[in-house]
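Everything below concerns the one structure shown next.
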């Protein structure tokens, strides 16, 4: 026994390099039997899942998958980049809907759990997810409580379970972010994914005429633009152009922050190129709410960086804006003006000529009427749709021939969860915003400029998302939870004393 004890002490001193006194972190590139076993186990489960799902042809790709799985399990940084891109690009839904691979989402969740478990067993702390996990649990409990008085309690419970799955997956991702360096990698991953999707959208617009969907990651449909004009509106990996614009709004301030605070000229240039491509794709969606969200996020980004913005940055901003105006699609201003005219007609007591604005006005009014009937607790999580036809007929609104969503996150919360739900939702947002401000203050005092820039851009992304949510309901909850759970984890990540390292050898993070 004494010999084994002595051997363990020697190993701790030697690490994996074989040199006494050299302690190598657990992120070393040395091969670990645990990581190899975990990777093989994941691929074995993947073989079984694909076989059971009747997708045996994809088993040929498993050698590549084995290498990727090993890299993900072994490297937390690579895992953060890979999982962030998968979540941002809505890959699970795309592969399920366009290719019939419905087990991908479950396999990714399993791989995230294995990766988190491996790094936790290797000594990595995951205390940054404690506060977000408690907040999510309380918030989900309030959603589940609405099943007690909803018309369809089983449907409410099913929606809560779906939201819980999204929260768990996001918490697993955030548990891998143990340093500001890895948080920076998450931001870069979002920019890379958004740039890739934007390139697909621009390629569609210039060359294919939206005839190709690039494997389901570049969907598009013909919709009403303005007057008697219909046209193509790209929706990327989602099913609605407005939600696609919303996730581009998330990536835009992150890309601009890379441009403004790049560690070198090439890094800054890549940020500028990504910003231009994302902005062009955003304009191609013809989303008026997306344009508002982009304006809000840019305003917040300017306020945060007011001391760092130089004349060079202003010239670049003018250049980017000029490119955006040149790339402005035809009928864009017609659509924007038609929306404003219809809004003016509706506020004066008439009906708007723009069917999109008139329809949304009916949905917003219906949500207000539902909230008037059920002010305290609402009608139940996700239950507004079942009330729309009833309310629209009773109040003389646009029936639209189908159950409709509120098309506003805030009115959705008010109508479905009442004043009590609004209170809990406000607390959730307040915790996320307060966490960002607290992290910014701490990093500013520590003069960790690179980390402060990244957190500020994340705050701008959250502001842009909340602005677009004025006109959009909770259609894709993974993005809101990604923003808020990460924001709540940032103070713990930033205040860890082990994170005072250098980013690209120039700036402390």
query = If you average the sequence gap of Cα pairs under 8 Å that are 6 or more apart and divide by the length of segment 87-228, what percent do you get for the contact order?
reply = 28 percent
ask   = Can you give the relative contact order of segment 108-192 as a percent, counting alpha carbon pairs under 8 Å and 6+ residues apart?
value = 42 percent
message = Let me check against my output: what whole-number percent is the relative contact order of segment 381-466, with C-alpha pairs under 8 Å and at least 6 apart?
response = 19 percent
query = Cα gyration tensor of segment 107-260, axes a ≥ b ≥ c as square roots of the eigenvalues: rounded (a/c below 1.5), prolate (a/b > b/c) or oblate?
reply = oblate
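Coordinate-derived values only; no laboratory data. Just so it is clear, the model here is predicted, and its values are computed rather than measured.
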